[in-house]
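Novice: I'd like to ask some things about the structure below.
Since every read-out is calculated from the coordinates, none of them should be taken as a lab result. Keep in mind it's a predicted model, so treat the numbers as computed, not measured. Backbone-built Cβ (ideal geometry, glycine too); neighbour counts: all protein chains shown.
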Amino acid sequence: MEFSSKLLEKAVNEMAQLPGIGKRTALRLVLHLLKQPAEQTAFLSEALLLMRNEIKTCVSCHNISDVEVCEICANEKRNHRLICVVEDVRDVMAIENTGQFKGIYHVLGGKISPIDGIGPGQLSIASLVEKVRLGKVTEIIFALSSTMEGDTTNFYIYKQIKEFDVKTSAIARGISVGDELEYADEVTLGRSIVNRIPFENTMKSN
């Protein structure tokens, strides 16, 4: 792709670093910004910089937050003894949109994937196990995607907590095998949470 401007080329190359954005899409977005009033681009730049510099991770659940403890964990009306284990913030948003879950979350920050060099120590598993060990949890809901990596992560966590007095369940397989939660429709995902099944049953079916 030939550029008539080095400034344009640099902007396109940076935009193309975003997931799912190729050079052509990046060029389209950059040219769109050029057509907008200068202040609109300034607002975008300011919002991105502010997010990058000021955003925090909840000290309790590891969700993205503006403050030390996120709004979900700080909400006294939520059931703090019911924890839904998810991969990342996109899954929290997807489940919250269903309006069916009234507990809190624990964001792992990924899934165990040896091929990608991701082991248990790189995820927030230890803090989840500690919550269970301290008797702060009555039920853990595994809500990772139905992939090999998701199932491996579920099973690893299950082995770490099975000796404690805690119920373990998994979202019902209304979510197709291999699907990511963020792409599931709200009704299907909501039913999968409500109709969750004992985790031991998922192992018998594998």
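Novice: Using a 7 Å offset from the Cα along the Cα-to-Cβ direction at both SER113 and ALA38, what is the distance between the two label points in nm, to one decimal?
Specialist: Result for the modelled spin labels: 4.2 nm.
Novice: Excluding CYS70 itself, calculate the net charge of residues whose Cβ lies under 12 Å from the Cβ of CYS70, where each Lys or Arg counts +1 and each Asp or Glu counts -1. Don't skip to the answer; put the middle values down first.
Specialist: Values: positive: LYS56, ARG78; negative: ASP66, GLU68, GLU71, GLU96.
Overall, the nearby charge balance is -2.
Novice: Of the listed values (i) 1.15; (ii) 1.22; (iii) 1.01, grab the one calculated as Cα Rg over 2.2 N^0.38 Å from the structure here.
Specialist: Derived directly from the coordinates: (ii).
Novice: Show me, for segment 95-112, the HN-Hα J-couplings you get by feeding each phi into the Karplus relation (A = 6.51, B = -1.76, C = 1.60, θ = phi - 60°), rounded to Hz, glycine and proline as x.
Specialist: 5, 4, 5, 6, x, 9, 10, 10, x, 10, 10, 9, 8, 6, x, x, 10, 5
Novice: In debye, nearest 20, what is the charge dipole magnitude of the chain about its Cα centre with +1 on Lys and Arg Cβ and -1 on Asp and Glu Cβ, if you could check? It would help to have the intermediate numbers written out before the result.
Specialist: Working: 24 positive and 27 negative charges, 58 e Å.
So the magnitude is around 280 debye.
Novice: Let me ask something additional. Which cross-chain or sequence-distant (5 or more) residues have an amide H under 5 Å from the amide H of HIS106, H modelled 1.01 Å from N in plane?
Specialist: CYS84, VAL85, VAL86
Novice: Using DSSP loop states and a limit of at most 15 other Cβ atoms within 10 Å to flag chymotrypsin sites (Phe, Trp or Tyr not before Pro), what is the longest stretch of the chain containing no flagged site?
Specialist: Numbers: sites that count: PHE3, PHE164.
Longest gap between qualifying sites, sites excluded: 4-163.
Novice: Could I ask something else about it? Please tell me the relative contact order of the chain in percent, rounded to the nearest whole number, where contacts are Cα pairs under 8 Å and at least six residues apart.
Specialist: On the way: 276 pairs, mean separation 31.4, N = 206.
Over the chain, the number comes to 15 percent.
Novice: Could you go through segment 142-150 in sequence order and give the Karplus-derived ³J(HN,Hα) for each residue, using 6.51 cos²θ - 1.76 cosθ + 1.60 with θ = phi - 60°, rounded to whole Hz, and x for Gly and Pro?
Specialist: 7, 10, 8, 5, 7, 10, 4, 5, x
Novice: How many nm is it between the label spots at LEU29 and LEU134, if each spot is 7 Å from the Cα in line with the beta carbon?
Specialist: Label at LEU29, label at LEU134, 3.9 nm between them.
Novice: With label points built 7 Å along Cα→Cβ from the Cα atoms of PHE164 and MET93, find their separation and express it in nm.
Specialist: About 3.0 nm separates the two model spin labels.
Novice: Please give me the summed charge of the neighbours of SER45: other residues whose Cβ is under 15 Å from its Cβ, Lys and Arg +1, Asp and Glu -1. Provide the component values of the computation, followed by the final result.
Specialist: Details: positive: LYS10, ARG52; negative: GLU14, GLU39, GLU46, GLU54.
Around SER45, the surrounding residues sum to -2.
Novice: With r defined as the distance between the Cβ atoms of LEU18 and ARG78 and R0 fixed at 45 Å, what FRET efficiency is calculated, to the nearest 0.05?
Specialist: Numbers: r = 33 Å, r/R0 = 0.73.
Using R0 = 45 Å, I get an efficiency of 0.85.
Novice: Using the Cα gyration tensor of segment 6-54, with a ≥ b ≥ c the square roots of its eigenvalues, what is the shape: rounded (a/c below 1.5), prolate (a/b larger than b/c) or oblate (neither)?
Specialist: Oblate is the answer for segment 6-54, as a/c is 1.5 or above yet b/c matches or exceeds a/b.
Novice: What fraction of the DSSP beta bridges in the chain is antiparallel, stated in percent and rounded to the nearest 5? Don't skip to the answer; put the middle values down first.
Specialist: Details: 5 of 18 bridges.
In the chain, DSSP labels about 30 percent of beta bridges as antiparallel.
Novice: Further question on the same structure: Can you spot the aspartates and glutamates whose alpha carbon is less than 19 Å from LYS56's alpha carbon? Ignore those fewer than 8 places along the same chain.
Specialist: Here the aspartates and glutamates satisfying the reach criterion relative to LYS56 are GLU46, ASP66, GLU68, GLU71, GLU87, ASP88, ASP91.
Novice: Just report the Cα centroid separation between segment 115-143 and segment 87-105, whole Å.
Specialist: 17 Å
Novice: I'd like to compare 56-64, 9-17: which one has the highest average count of other Cβ atoms within 10 Å, and what's the full order after that?
Specialist: On the way: 56-64: 18.7, 9-17: 15.1.
Packing proxy ranking, top to bottom: 56-64, 9-17.
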